[in-house]
Structure formats: C-alpha cells, structure tokens
Amino acid sequence: MKLIGIADTTFARVDMGGAAIEELKTLGTGYKVVRYTVPGIKDLPVACKKLIEEQRCDIVIALGMPGPKDKDKNCAHEASTGIIAAQLMTNHHIMEVFVHEDEAPDAKTLDWLAKQRAREHARNAYALLLRPDVLSKNSGKGLRQGYENARPIRE
Amino acid sequence: MKLIGIADTTFARVDMGGAAIEELKTLGTGYKVVRYTVPGIKDLPVACKKLIEEQRCDIVIALGMPGPKDKDKNCAHEASTGIIAAQLMTNHHIMEVFVHEDEAPDAKTLDWLAKQRAREHARNAYALLLRPDVLSKNSGKGLRQGYENARPIRE
Amino acid sequence: MKLIGIADTTFARVDMGGAAIEELKTLGTGYKVVRYTVPGIKDLPVACKKLIEEQRCDIVIALGMPGPKDKDKNCAHEASTGIIAAQLMTNHHIMEVFVHEDEAPDAKTLDWLAKQRAREHARNAYALLLRPDVLSKNSGKGLRQGYENARPIRE
Amino acid sequence: MKLIGIADTTFARVDMGGAAIEELKTLGTGYKVVRYTVPGIKDLPVACKKLIEEQRCDIVIALGMPGPKDKDKNCAHEASTGIIAAQLMTNHHIMEVFVHEDEAPDAKTLDWLAKQRAREHARNAYALLLRPDVLSKNSGKGLRQGYENARPIRE
Amino acid sequence: MKLIGIADTTFARVDMGGAAIEELKTLGTGYKVVRYTVPGIKDLPVACKKLIEEQRCDIVIALGMPGPKDKDKNCAHEASTGIIAAQLMTNHHIMEVFVHEDEAPDAKTLDWLAKQRAREHARNAYALLLRPDVLSKNSGKGLRQGYENARPIRE
C-alpha cells in the first residue's frame, strides 16, 4: 500500500488539498492519503519532510497560495527552495502546487485555477508513483497544469 | 511536558517574544517556555537550532523585526532561508514571525501589529504541537496573522 | 559499462531528451542510457539524484525549457540551485541544459536551439565521463552550446 | 578557557578585526582570541567553520567590507548565506559584521563606522558566549551596531 | 607534498587556468598542480569538490568568465553559492576567480584582467596554504585582485 502525503495551508483561500484528494480518488486504488495542514507556505518544506520521514509517505503534494505582494513572492521563493532541499534530503518527490493570487483576473477564476492545478498535479503525483510510463510518453509535449497546455513545437 | 522555544532579538523595537509568551499562557498548560535572545534576525536560525537540539524544544517561535531598507530585506531573506534549513535539518517546526518596519503606517500601529502577529503565531505553534486538528479544519480558509483574515473564496 | 541518465520534462515543448540520446549514439559505445521524465524543471533536481543514487548513473543530463515570465525565471533559478546541490551531495556531474523560451525569436529557431544545445551538452557529458582530455585541450576557448561559439580573445 | 575566533579580510579598507580584538580586551577575561585573515568576504564562511571545527573556537566574529557595486552586494549576499549555513552545520554562533562602503558619506565616517560596528558586535559575541543575560534584558529594545540605536516603540 | 587544484572551463575566452599555473610556478615549490576542465561555471562547484575529495587537493582555484547578460549573472550567482557550499562541506578553501565579460571596456583589457586576477588569486591560494602570515599582515589593507588596490582608509 503506497502513501500519498497532502500538505496544505490555512493561509490559502481555496481548499486545494481537498481538490487534490478528490482527484486522487478518481485515479485508482492502491494508495492511502495522509493530510497535514500548516499555517503558511514557509511551513510546508518541513511538513513535507515529516510526512516522508515520520509518516512514511512515498510522495507528497505541497499546496499553497502565495499573496500578490513582493514580500509574498519572496516567501514563495524561500518555500520553493526549501521544498527542493527536502526532496534532495529524502530522495522523494514533492509536487509543488503554488497558485499566485495574481495569476487570475478575479476570485472565481482563481478558485477554478487553484483547484484545477491541484487536480492536475495530483495526477502527476499518481503517475510518478504508480504510472511513470504516462510521463515518459509525454516528454517534451508542452503540458501545463491549470491553464491550457502549450503545444509541442513539432507535433 | 512539551518545550516551546522563543527566539527573539535586541534589534526589534517591540517585545515580540513577551507578547508570544503572554499569549501561550492563555492557551492551556502542558508545556514550558525556553527563551533565547540574540542580537539580530540573522542570528535566529542557529539560535532556533540550538533551542531544538541543545535545549530539546519541541517547537520554536522565531520573532524579528527587519528594517525598511533594501539591505534589511536581504537580511530577512537570508534569515528566512536559514530558518527553513534549520527546520529541515531537525524535522521540527519553527514559526517565523517577522514584522517589517514598513508594514505599518506609524509606530503605534507597528507596535500593535508586531504583538498581534506574535500572538497569532503563538496560537499556530501551540496548535501544531498540541492541537493539529485546529489547523486541519481551517485548511484553505484564508487565515492571516496580524491584519484581518482574507476570506476563503467560496465559503 | 557506464550509465548516462537523461532527466527531462513533460513541460518542455521540444523533445530535448530524445535529441540528447540521439547524439550520444553517434559518439561511441561503452555506456547505457536511463531516461526519467518528470512534470517540470523543479522536479529535476531530485530526479537526477535518484538516477545517480538509485539507478547508479555515472553522469546525468538534465533538460528543461523554462517559460518566458518572471515566475518562470524564478523556477529556473530554484531548479539550477537544486541541481548544483544534487551534484555536491553525490560528487557526480549533472549537465544542466535549460533553454529559455525567450532565447529564440520564433518557434522554429527555439526547436533548433533546444535540440542543438541538448546535443552539444550530450557531447560534454560524454567527454566528462569518458574523454576528459577533450575538455582539457579546449580550456579557455570560448565554447558555447546552442548558438555559435565565442572566440577565445587570443588565439 | 573559551576561544573567540576573529575572521577578517585583506579586502577591507579598515582593520575591523583589530578593533574587535581591542574591544574584547576591555570586556573581561576568561577567553583567548584566534585570528584568521582571508582574501575576501566569500572566503569567510569556510574560514569561520575551520575556526570552529579545527581550532575549537566557541564563537566567531566574521568581519568584512563589501564594495558599493551590485556585484559586491551579490558577494555579500552569498557570503551571508554561507555564514548562516556554517552556523547551522556547527551549532555555533558567528557574528557577521559587514560594513558596506556606501553606508557612510565619506572615508572618515566609514572608518569610524566599521570600527564602531566591530566593537559593538564584539560585545554581542562576548555576551552570547559569557553573559547571555545582557541580551535577554535588552530583548525588543531596538539596539543597533554602528549608528545610534533605534528606540523601542514603547519604553 | 601539497596539492593545488585548478578547475577551469571551456566557456571562458581566456586561459585563466594557465595563467594561475604559471604564477604558482614563480612562488615556490612544495606543491603539485591537478587541473580539471569542465564546460561552464555551473560545473565548477562539484568539480572543485571532486578535486578535494577524490584527488586529495589541499586547496582549489576555480576560474570562470560569466557572460554579460542577466542570465549569465544568475549563473554566476548559482555557481558562487555552490562553491561556498562545497567549501563548507569539505572544510577546504576554494578561491573563486570570476571575471565578468562586462568588467573590461575591450577584449584586450579583458584578457589582461582575467589573467591578472587569476595570478593574484593564485598568490592568495598559495598564501592560504603555505604562508598564512602574508595574509595576516595585510588584514584591512584594501587589497584587490585585477585592477589596482583600494587604499586602506588610514595608513
């Protein structure tokens, strides 16, 4: 039985963790979910590492929603750097799913975008863990999470 | 008996550590506080790590007040990066509570903001350590520390 | 038998991993290729480390195509920092082959550039692994990957 | 007998290490000084770590004077990041004392500022090592090193 | 017999490694040189670490020539960060000798500057390894590598 960790925040304005879990349910069986909620994105790196090392998760999805200010962009950069370090220290993948508040023109689109990106990265996490062939055959295909895919330059 | 570390600075212009400790007292029992004061925010990462590894703290609250200049923003970035690294090296949470001098329009508001954010993050630290269910049920709710909460997009 | 890892992404719009593998085939024998496709460039650092530590690769080529926005530049910076850290943690080389979408004036040139840079760094990886003398004799020669070489100042 | 390390550079235009040592002499006894001079600030992180791990210093003061250009600011950032990492790897404090050439309007003031900041951080290092109560009672007091202190918002 | 590592690149447009080795020959005996050429500056951190850990070098000189674009500045920053990390992981000095293409007004001056800085840092490496007293007595003297020295503020 594989374990998929979901690390999310009380700071986010959308239940991104819930969306990811819903999506996982549609993909298949053979795994269990462990969810861990922390205050903000800078608390995510160690939360992910604890999910891997203390809860024995095989992969983690880290979901957050940085604000629109410069200070928020810095926080996102620091959190991302920490999430990459946590992966290198554990040899486990952590799918970072960040949606910046200024990526969408209005609240309704932001809500849609946050859930959509969470869902698509949940599919990526599932593929990395249980169906790596799905990723291999899409190498270089311009896939995006949230808004529509870019197209490969030569199809 | 749990141990909560409080790391603060002589550089800050507000007794943020004192505010955090006061708040903790209102939340319950079952823990003791260890306080460690250093000169500035760049001294906080190792101070937190020492609180965890040498004083056996279960969680640490790191409080600081970066100045308003570009140089100060850089210091805050370096300190934040170090605080995340300290968490990854110890598998313990450190709640970073930084209040930038330019986040408030005047000294009185800055004083209020610094203490308010310290208090709210003290509650977060307490919840992470002893009441993780409080965080789980607020996942994606747009919670903020200091100024008022953002609202979740769909309630 | 040496092992060369190829880590690439589904985000890229060009099959850079395929181009690298094609080029390697023209260079000689004495090695096998292990390919690992991940969603985006921020997933590359741990993918490379896993190729080295779990698949026993002797060298890895990490290929990605960051988008043109500021957010994308940040991602590339975070990925690069992680790729350097992965090298330091393993004492193995990882050839980073990133092509920014705004490095070429049009899609056709971007396609050419991405494949050309992948090919030239495949040659570098091969040289580092099996023909270090090829690099030694080109020290200080202004070699570039993709567009044409700069010239050494004194020839 | 405690050991205090002094790491300084040949790049600085003021003998900051000498000023720190002079100040230490006025503070008390019970320690010895080990001085280590390197070319520039980017050589300081490993110099400090060697002072701690190879010379058994209990604390280190790292003194440098970054130039006024953007390139110099980057160097200072890289050095600071390294000094924080060295602290986390050793669980020892390193007092960073950097004076940027553009912090003072003229050479005479720069000379004064560099020595004054070195002296005040020498007092901080001494306090961290031998008199932590001096820091505790100044928590949140707006203390500065070099120019005059900021005042606490509420006294 | 001490070992001095020389790590340089095929990207640089000047034979900086050659200049460093020539200078070392004028300084004395008691050491041997190990040279290792890699494609670009981002390959230098692990190259230096391999020289120290696999070739047993006592000190390394890392020479590179970042281009003039923003992207190149980022590469230099990432490489510098990695070189500092490599030093902290090994407790060995690595002299970073980077010459930015836009530091000189023309190719001839760039050629001179790159070689001159390589030579002066070769002297620094030699001093760190075999004559630390030469550095100690120049503490705070405003020494520069390449262009002329700044003067100490008070002589």
**Q.** Looking only at segment E:1-22, and only at residues there that are within 22 Å of C:G142 (Cβ to Cβ) and of a type in the set (D, E, K, R), the one that is farthest from the chain's Cα centre (by Cα)
**A.** E:R13
Q. Name the pairs: first residue in segment C:138-153 and within 7 Å of chain E (Cβ to nearest Cβ), second residue of a type in the set (D, E, K, R) and surrounded by fewer than 18 Cβ atoms within 10 Å (Cβ to Cβ), Cβ to Cβ under 7 Å, at least 6 apart or on different chains?
A. C:G142/C:R151; C:A150/C:R144
Q: Just need a number here: residues in segment D:29-44 that are surrounded by 24 or more Cβ atoms within 10 Å (Cβ to Cβ) and either aliphatic (A, V, I, L, M) or over 19 Å from D:D15 (Cα atoms) (or both).
A: 3
Q: Take D:P68 and decide whether it is open to solvent by 30 Å² or more (accessible area, probe 1.4 Å), in contact with a helix residue (DSSP H, G or I) (Cβ under 8 Å, 6 or more places away or on another chain) and at pLDDT below 95.
A: yes
Q: Go through segment C:113-136 and count every residue that is more than 26 Å from C:G64 (Cα to Cα) and facing another protein chain (nearest Cβ under 8 Å).
A: 1
Q: For segment A:78-108, enumerate the residues that are in a helix (DSSP H, G or I) and either open to solvent by 40 Å² or more (accessible area, probe 1.4 Å) or modelled with pLDDT under 95 (or both).
A: A:T81, A:M89, A:E101, A:D102, A:E103, A:A107, A:K108
Q) Yes or no: C:A114 buried (at least 18 other Cβ atoms within 10 Å of the Cβ), in contact with a strand residue (DSSP E or B) (Cβ under 7 Å, 6 or more places away or on another chain) and either outside any loop (DSSP other than H, G, I, E, B) or acidic (D, E) (or both)? A) no
**Q.** Members of segment D:63-97 that are under 22 Å from D:E23 (Cβ atoms), facing chain B (nearest Cβ under 9 Å) and of a type in the set (A, V, I, L, M, F, W, C)
**A.** D:I83, D:I94, D:M95
Q: Taking the residues in segment C:58-75 that are in contact with a Phe, Trp or Tyr (Cβ under 9 Å, 6 or more places away or on another chain) and part of a loop (DSSP other than H, G, I, E, B) as candidates, determine which candidate is farthest from A:H92 (Cα to Cα).
A: C:G67
Q) Among A:N149, A:N138, which is open to solvent by 50 Å² or more (accessible area, probe 1.4 Å), in a loop (DSSP other than H, G, I, E, B) and not hydrophobic (A, V, I, L, M, F, W, C)? A) A:N149
Q: From the list C:L3, C:L24, C:L51, pick out the single residue that is more than 10 Å from chain A (Cβ to nearest Cβ), farther than 27 Å from A:A150 by Cα and touching an Asp or Glu at 6+ places or on another chain (Cβ under 7 Å).
A: C:L3
Q: Give segment A:1-21 a look and list any residue that's closer than 23 Å to A:T109 by Cβ and open to solvent by 10 Å² or more (accessible area, probe 1.4 Å), or say none.
A: A:F11, A:R13, A:D15, A:G18, A:I21
**Q.** Residue count for segment C:117-135, restricted to those that are in contact with a Gly (Cβ under 8 Å, 6 or more places away or on another chain) and open to solvent by 50 Å² or more (accessible area, probe 1.4 Å)
**A.** 1
Q) Conditions: (1) hydroxyl-bearing (S, T, Y); (2) part of a helix (DSSP H, G or I); (3) modelled with pLDDT under 95. E:T29 meets all but one. Number of the miss? A) (2)
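The values are calculated or read from the model by the stated rules, or taken from the named source; none is laboratory data. Every value quoted in this text rests on a predicted model; they were computed, and no experiment measured them. Using ideal geometry, Cβ is built from the backbone for each residue, glycine included, and neighbour counts are taken over all protein chains shown. Heavy atoms of the whole protein, side chains included, go into the accessibility calculation; ligands, DNA and RNA do not. Shrake-Rupley method; radii C 1.70, N 1.55, O 1.52, S 1.80 Å.
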